[in-house]
Amino acid sequence: MSARCLFAAVSRPALAAMAVSAVTFPALAQSGAPPKTPVDPARLSAHDKVLASDAFEGRGPATPGEEKATGYIIAQFKKLGVPGGAKDGGYVQPVPLGRFEIVGEPETTVRAGDQTFTWTQGEDIAIRAAQLPVKQVEVKDAPIVFVGYGVTAPEVGWDDFKGQDVRGKMIVVLINDPDFEAKPGEAVFGRFGGKAMTYYGRWTYKYEEAARRGAAGVLIVHETAPASYGWATVKNSNTNTQFDVVRTDPAKVHTPVEAWIQRDAAAALFKAAGLDFDQLKAKARQPDFKPVTLPGASFSTRFRNDASQITSKNIVARIAGRTHPDETVIFTAHWDHLGVGLPDAKGDRIYNGAVDNADGIAALLELARLYAKGPKPQRSLVFLAVTAEEKGLLGSEYYAEHPIYDPAKTVADLNMDAFMLTGPAQDMTTSGSGKTDLEDLLKAELKAEGRSFTPDPLPEAGHFFRSDHFPMAKRGIPAISVGSGIDLYKGGREAGEAAERDYTANRYHQPSDEWTPQLDFSGEAVDVGTVYKLGLKLANSRIWPGWNPGTEFKAERDRTASERK
Ligand SMILES: [Zn+2]
């Protein structure tokens, strides 16, 4: 679930507060007119139109859409005269992936008290294909245990399981961190980074912790605010083909059943078991919370599972540096989207991904064009279009695990995912701010062009963990995902917020995220222009960005400090 729509769910007072907190510059700097940019919005639009066309079938990995998308990107690099950057000198880094699909519909029944519920796939529950080499998944009358936020965090003295044995049982888990809804004065308040979501809040962590404890499966309760997206997004991202990196022991990180359930379905189940969902949810915020087995309740499901292996592609191009070719600045963007999936209300099944992330690939191609046209940089520039981001950052995870360029001498990763196409903004942002001084370099570029920087307004959404810079960061590489701002030249924050809300509600991860002539690429052109300048600065200097003290990635970077002169 990629990183976009940073601003959508922000309330007006929060926006007002943000206006105050935004890093603005002397009034004379903000001229009211967007800065000039070498990036051509018409070229951005032309690339986007092709990549997001129905013919590219939503660019699903291991589909004809992959062939078309990667073929187009390689052809464009060749046209620009930018050579391949893969190990063999070509453009392709093969990415082996496990591919998983539910065959038919899961049959799911839940019993509690004297009631039996039949949960419909996509409506009450969204079970994703089991990421295990199994042909059939069957869970029969498994006990159900509510484990609160399902977090074990010894470093903050928190353990929701308290020794509860959940082997072979289904666990019901809340999304986000235990302090997400905490009020000042509550013991947990601020214990998990306050507003900013920690990795414990992510659905991936919930699944991984359940697998570590041998559970039969996980039912994450969906609520829009703590999840930061609606049920449509959960449904669309979990009921289609799933992928995973190839693992030696997948059962270590995956239980047979990984699913989300609607809040109302959870509440009805708890009620039938004689419990109150909201009461237990409040209890889950207390340090002395203990898991609750739902009396007399059981969960059963059965579905056929198609597991196979495929090879997808990361596309790599490179402009070799003149004086320091072994030092690399990486630009990333994912080329994949959701492919062909469940129909929307209009019966449209193609998830075109014009914003997410055809416009990021268009940006990558425009950057390559500009750098290829200019004088050769001192350091090397790598353009990396990764696969399977929508499947869990798999292409970037694979690159980070099998780097082509030495991570110790990788200067930075600048990731681009889903620029807003609603006109130029006076600001830019990043996903999950305040972790690396790479951001200060971005701020300096913005200052020079009379614009401002707005910190990620939705730290509780955990955007830092939701795009392709994250696997790079985990290896210590200074990495950010840059994003469009909210303070539009035309209409200010008001207009920007409305545009983001509209995108999140009506197009994010839906077939309606399509190219239209109404899309305005001039804002993206300004933002990519800023990235271009930042890239030039990094490529023609001896700057080595780093992680801020106290961040979880600094130690990994410092480990190779001696290799950077
Ligand atoms: Zn994306």
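The values are calculated or read from the model by the stated rules, or taken from the named source; none is laboratory data. Just so we're clear, the structure is a prediction, and the values are computed from it rather than from any experiment. No Cβ is skipped: glycine too gets one built from the backbone with ideal geometry, and neighbour counts run over all protein chains shown. Heavy atoms of the whole protein, side chains included, go into the accessibility calculation; ligands, DNA and RNA do not. Shrake-Rupley method; radii C 1.70, N 1.55, O 1.52, S 1.80 Å.
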Normalising by the residue count of region 99-307, find the relative contact order in percent from Cα pairs under 8 Å and 6+ residues apart. 41
In whole percent, how big is the carbon plus sulfur part of the accessible area of the chain, probe 1.4 Å, protein atoms only? 55
Let's see if you can work this out: charge +1 on each Lys and Arg Cβ, -1 on each Asp and Glu Cβ, no other charges. What is the dipole magnitude of region 99-307 about its Cα centre, in debye to the nearest 20? 260
The summed charge of the Phe383 Cβ neighbourhood (under 11 Å; Lys/Arg +1, Asp/Glu -1) stands at +1
Radius 12 Å from Cβ of Gly71, net charge of other residues (Lys, Arg +1; Asp, Glu -1): +2
Accessible area per residue of the chain at 1.4 Å probe, in Å²? 36
Over the chain, what is the percentage of antiparallel beta bridges among all DSSP beta bridges, to the nearest 5? 60
In degrees, nearest ten, helix 492-506 long axis to first principal axis of the chain (Cα): 50
Can you work out the FRET efficiency for the pair Val156 and Ala282, with r the C-beta to C-beta distance and R0 = 22 Å, to the nearest 0.05? 0.65
Can you figure out the FRET efficiency of Lys490 with Lys183, using R₀ = 51 Å and their beta-carbon distance, to the nearest 0.05? 0.85
Between region 459-503 and region 355-431, the Cα center-to-center distance that results, in Å: 14
Put +1 on the Cβ of every Lys and Arg and -1 on every Asp and Glu Cβ in the chain; which of Phe277, Gly296, Ile74 then has its Cα farthest towards the positive end of the dipole? Ile74
With +1 at each Lys and Arg Cβ and -1 at each Asp and Glu Cβ, the charge dipole magnitude of the chain around its Cα centre, to the nearest 20 debye, comes out at 1240
Give me the angle, in degrees from 0 to 90, between the Cα long axis of helix 522-539 and the longest principal axis of the Cα atoms of the chain, rounded to the nearest 10. 70
Once the dipole of the chain is set up from charges on Cβ (+1 Lys and Arg, -1 Asp and Glu), the residue from the list Ala259, Ala400, Leu97 lying farthest towards its positive end is Ala400
The pairs in Lys135/Lys195; Lys195/Lys271; Lys36/Lys79; Lys373/Lys554 lying past 32 Å Cα-Cα in this model are Lys135/Lys195; Lys373/Lys554
With just the Cα atoms of the chain, tell me how far they stretch along each of the three principal axes, in Å, largest first. 74, 52, 50
In the neighbourhood of Ala55 defined by beta carbon distances under 15 Å, the net charge of the other residues (Lys, Arg +1; Asp, Glu -1) is -3
Using the Cα centre of the chain as origin and beta-carbon charges of +1 (Lys, Arg) and -1 (Asp, Glu), tell me which of Gly450, Ala129, Thr239 is placed farthest towards the positive end of the dipole. Gly450
Please go through the residue pairs Lys140/Lys283; Lys447/Lys533; Lys68/Lys346 and name each one whose alpha carbons sit more than 19 Å apart in this structure. Lys140/Lys283; Lys68/Lys346
Remind me, relative contact order of the chain in percent, using alpha carbon pairs under 8 angstrom and six or more residues apart? 24
Tell me what the chain gives for mean residue ellipticity at 222 nm when only DSSP H runs of n ≥ 4 count, each as -39,500 (n - 2.57), the sum divided by the residue total, rounded to 500 deg cm²/dmol. -8000 deg cm²/dmol
